[in-house]
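The block underneath contains the structure these notes are about, expressed in structure tokens.
The values are calculated or read from the model by the stated rules, or taken from the named source; none is laboratory data. It should be emphasised that the depicted structure is a prediction, and the values quoted were computed from it without experimental measurement. As a convention, Cβ positions derive from the backbone with ideal geometry for all residues, glycine included, and neighbour counts pool all protein chains shown.
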Amino acid sequence: MQKGVPQIMDITSIRSVLHYLTKNILPTKFETAQQPEPNTIQLCFRGVNSQTWLEVSWNGESPRILKINKPEKIGRESTLSKQIRYGLKYMALISIDQDNFERVIKFGFAKKPGDDISKYLIIELMGKHSNFFYLDNKYKIIAVGKQIKSSQSSFRKILTGSIYSDPPVNLKKKPIEDETFQSWKESISTVPESLKYCLINTYQGVSPILTKQLEVVSNINESEIMQKNIDFITDENLKEIFKSWKIWINRFKNNNFKFSIFNNVFYCVWFLDKEINCDNKIDLCTGLENYYDYHLKQKKFELLVKKIEGIIFKQISIEKKNLNIQYDLLSRSENYEVYKEKADNIFSSNEINKRDIIKGQKLYKKSKKLKRSRELIKERLNIYKTNIERLDEFTTLLENLNSLNHEKLFLRIKLLEEIMEEICNEFNINIKRQREDKKSTSELQSSPIQVYTPTGLKLQVGRNMRQNDLISFKFSKKGDLWFHAQESPGSHVVLKSSSQAASEQDLQIAADLAALFSKAKRNIKVPINLVKIKDLQKIKNGGPGCVSFKNGEIIWGNPTRGEDYIKKNLKTVI
């Protein structure tokens, strides 16, 4: 499986979560709902002694149902979460139903345990056809995750106010524990395909990941047996697969589940410790939550990087186009003397008439206009050049963040979101943003990198423009020292030497970090500006992190040495 692409939650994983929920949250009182993302909703249930949060997602790439830890308060104001929150207020969850190998889950709600069900939440976790429904007791759709018009589906339309109908019936064969090997082999041998697709196309509940799990637990010497055509697999190997197949059915039927994971990319909920070499023993619900949390955040991180790179590329193209236009105008304006000379020739002539006077005046006027415009054009040229340099700085910040992966993913995602917001604000770029609650705890801002020198002096490194501004001005004191790569985009580095005098070693480490977090980090040596904080000034009308200075000196930084130091000493302020 690819990095950042989470394993699809198949029917076995779904069944394991539902088994846990049935044992632990029935009956419980519904408390609240929120929608952190367009295709994801989080539900809270309160029991006598505990509170349980569930996350349900009908995202086609990663449909899932998970027990999660208490999340941030994001998405409480979405229409769907409001409808569920007010519609299920004070109601009790009294039933959780799921039929064998069907990926349709029904949550039943009543005013109190023992009463008839009056509301339903139905979750369909079926790949790209996944959906989420909120129904009344007559199965009328009150709210739905995604509406399907008749023009979009010939089988069923899904619209608010219509009556809910079940998805298409699964006509594949149901796996049964007492099936003989010969019957099983005949069933999957109807069409000579790879063993993987023979199983998937014949039996209900079989997913690509289950075939991989069957292969692993069977421990057959022949590698990639699931990819081989069934006609070329020996009966001996098929019997080993069949044994694992029966074990899976038995554990599925008897709800005998346990979480195990392999290399952080492949998990299983029905292996036992003695069957596999797995030292990572973890609670099932915790294991599933940690797995999807990591891989979904990794995917979000990668998508954010691509999005920011696209924004920067597009904006640089715009700035370069405008710059070329100004250069073209500047070259035209250089002809102002030619027009003046033509006008002079007209008025120096011995014979001049009214028409010549009008023509000469127009030439003078055009000459003066072109001469005046030169200064304005030069100002615009400087603006567009500065904008391109500024975008180059953002690119460097992005590269530094992408290459230094010692921080937790949620911190790196937060930094990316801040960088994207800074670019959009500075260049007036409008992008579609997800609506968030005003009081969301996600408004917490990231903090700069903080490390200590061997003598105990604090070093701060800005990771975005806001952080650069903060450590250079708000957090700094008289006596601190500021470092930045000379004539190269990069992060601001501040050595807190106001507390005690900095040694040569302290200065060198600060210079090495400034070199590491600059565009010139691939060079062996990088010239670094060392400036006293008192000699640092903000550039008027410049964006965050735009500074000027006087009385600086140059020292040389080594990026490789800086990388080695930060790997050993990195501590991020949260």
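Restricted to region 537-556, and to residues there that are of a type in the set (A, V, I, L, M, F, W, C) and assigned to a loop (DSSP other than H, G, I, E, B), the residue that is farthest from Glu422 (Cα to Cα) is Ile539. Whenever a residue of region 36-60 is among the small types (Gly, Ala, Ser), its partners that are assigned to a strand (DSSP E or B), lying with C-beta atoms within less than 7 angstrom and at least six residues away or across chains, give the pairs Gly47/Thr28; Ser57/Thr40; Ser57/Arg64. Answer yes if at least one residue in region 67-82 is closer than 18 Å to Leu18 by Cβ and modelled with pLDDT of 95 or more, and no otherwise. Checked region 67-82: at least one residue is closer than 18 Å to Leu18 by Cβ and modelled with pLDDT of 95 or more. Which of the residues spanning region 499-518 are of a type in the set (Asp, Glu), out of contact with any Phe, Trp or Tyr (no Cβ under 8 Å at 6 or more places or on another chain) and either farther than 14 Å from Gly479 by Cβ or not in a helix (DSSP H, G or I) (or both)? Hit for region 499-518 is Glu504, nothing else.
So that you can scan it fast, the table gives a plain yes or no per residue for (1) among the charged types (D, E, K, R); (2) over 13 Å from Trp245 (Cβ atoms); (3) within 34 Å of the chain's Cα centre (by Cα):
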position	(1), (2), (3)
Val191	no, yes, no
Tyr197	no, yes, yes
Pro208	no, yes, yes
Gln213	no, no, yes
Gln227	no, yes, yes
Ile230	no, yes, no
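Under the condition of being closer than 16 Å to Gly552 by Cα and small (Gly, Ala, Ser), which residue from region 503-536 is surrounded by the most Cβ atoms within 10 Å (Cβ to Cβ)? Within region 503-536, the match that is surrounded by the most Cβ atoms within 10 Å (Cβ to Cβ) is Ala514. The single condition from (1) hydroxyl-bearing (Ser, Thr, Tyr); (2) at pLDDT below 95; (3) under 46 Å from the mean Cα position of the chain (by Cα) that Ser333 fails is (3). Annotation: Glu61 fulfils all but one of (1) touching a Ser or Thr at 6+ places or on another chain (Cβ under 8 Å); (2) in a loop (DSSP other than H, G, I, E, B); the unmet one is (1).
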